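Heads up, the thing below is written out as structure tokens.
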Amino acid sequence: MADDYFLKQKELVKQFEHSIANGADKSTVVEMQKDYANDDQICLTSVAFIPSKISNKIVSNVINKLKDIEPQHYFYPSESMHVTIKNIRTINKPPLFSETDIDKANQLFSETIPQFPNFEFSIEDVVIFPTSISVMAYSNARLQKLVSALDKGLQKIGIPDNKKYLSDSVYWGNITICRFTQKPSPRFIEKVKTMRNLEIGKFKIKKINLITCNAVCHPQSRKIINEYELKKGFAAKEQNL
């Protein structure tokens, strides 16, 4: 049985979809581009990279089927797939952060992340956004506690997250798998909708990376600042996913 926080995440995603459909969404959206791979706008963020067993399923069950319809969009290679844990600064040129900001964030993350236990993401639900497609990554309240601590820490050290969110108390992850280079066709959109309740699998988060990168986390743009290990001692019975 799913726990309460997991159900809240699911419900919030539905609300998110509804607000997008009605043009009322105010969250931060990456603008549509023609050449994402060479985009030189850079962000500062923390992520968990996706294990190959999950990314390979996403490629075969989602990406390849969408590519057959419209291959012109930007589809993420496996090595770029990730779940954002906590954003710090969204993409921009020039960057909206300094080397000092990076050092301060690195210190905060080094002190904070090892205090929290590792946890699991359940990868399911393919959702279409205004300029992209993502697979949702749901977890339990361990994610909420970690993100909340990092959020408060960033505010305290003077580099608060500048991204807008639907909720400031319920967080979920998502794996962006496609960014549009042009308006998708009705056939493409309908294909995405058939995958709305697709279940991919689960994986455990043990490490989090602080990185700088462009909007698609392209390997040529990506710089890993540091890697932090979550505390061991994951108990499956606590997950209730």
- line: Cβ pairs under 8 Å, 6+ apart or interchain, first in segment 45-58 and in contact (Cβ under 8 Å) with a residue 12 or more places away in the chain, second of a type in the set (Lys, Arg) and part of a strand (DSSP E or B), ordered by first then second residue, are Thr45/Lys86; Thr45/Arg89; Ser46/Lys86; Ala48/Lys207
task: Would you check which residues across segment 135-146 are buried (at least 21 other Cβ atoms within 10 Å of the Cβ) and of a type in the set (A, V, I, L, M, F, W, C) and list them?
output: Val135, Met136, Ala137, Leu143, Leu146
message: Take Glu124 and tell me if it is surrounded by fewer than 20 Cβ atoms within 10 Å (Cβ to Cβ), in contact with a strand residue (DSSP E or B) (Cβ under 7 Å, 6 or more places away or on another chain) and of a type in the set (D, E, K, R).
response: yes
message: If Ala37 satisfies all but one of (1) of a type outside the set (Phe, Trp, Tyr); (2) touching a strand residue (DSSP E or B) at 6+ places or on another chain (Cβ under 9 Å); (3) over 18 Å from Ser139 (Cβ atoms); (4) outside any loop (DSSP other than H, G, I, E, B), what's the number of the condition it fails?
response: (4)
message: If I ask for residues that are under 20 Å from Ser19 (Cα atoms) and among the aliphatic types (A, V, I, L, M), which ones from segment 122-170 would you list?
response: Val126, Val127, Ile128, Ile133, Val135, Met136, Ala137, Leu166, Val170
field: Ile63 being touching a Phe, Trp or Tyr at 6+ places or on another chain (Cβ under 7 Å), of a type in the set (Val, Ile, Thr) and closer than 16 Å to Arg179 by Cα
entry: yes
Members of segment 89-109 that are touching a Ser or Thr at 6+ places or on another chain (Cβ under 8 Å), within 27 Å of Thr181 (Cβ to Cβ) and either of a type in the set (Ser, Thr, Tyr) or buried (at least 20 other Cβ atoms within 10 Å of the Cβ) (or both): Arg89, Thr90
task: Output the residues belonging to segment 147-172 that are of a type in the set (A, V, I, L, M, F, W, C) and surrounded by 14 or more Cβ atoms within 10 Å (Cβ to Cβ).
output: Val147, Ala149, Leu150, Leu154, Ile159, Leu166, Val170, Trp172
task: Enumerate the strands (runs of 3 or more DSSP E) found wholly within segment 144-241, keeping only those where 2 or more residues are closer than 17 Å to Ser110 by Cβ and touching a residue at least 60 places away in the same chain (Cβ under 8 Å).
output: 207-213, 223-229
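Throughout, read-outs are computed from the coordinates displayed, never taken from laboratory work. This structure is a prediction, so every number in the text was calculated from the model and none was measured. Note: ideal-geometry Cβ built from the backbone for every residue, glycine included; neighbour counts use all protein chains shown.
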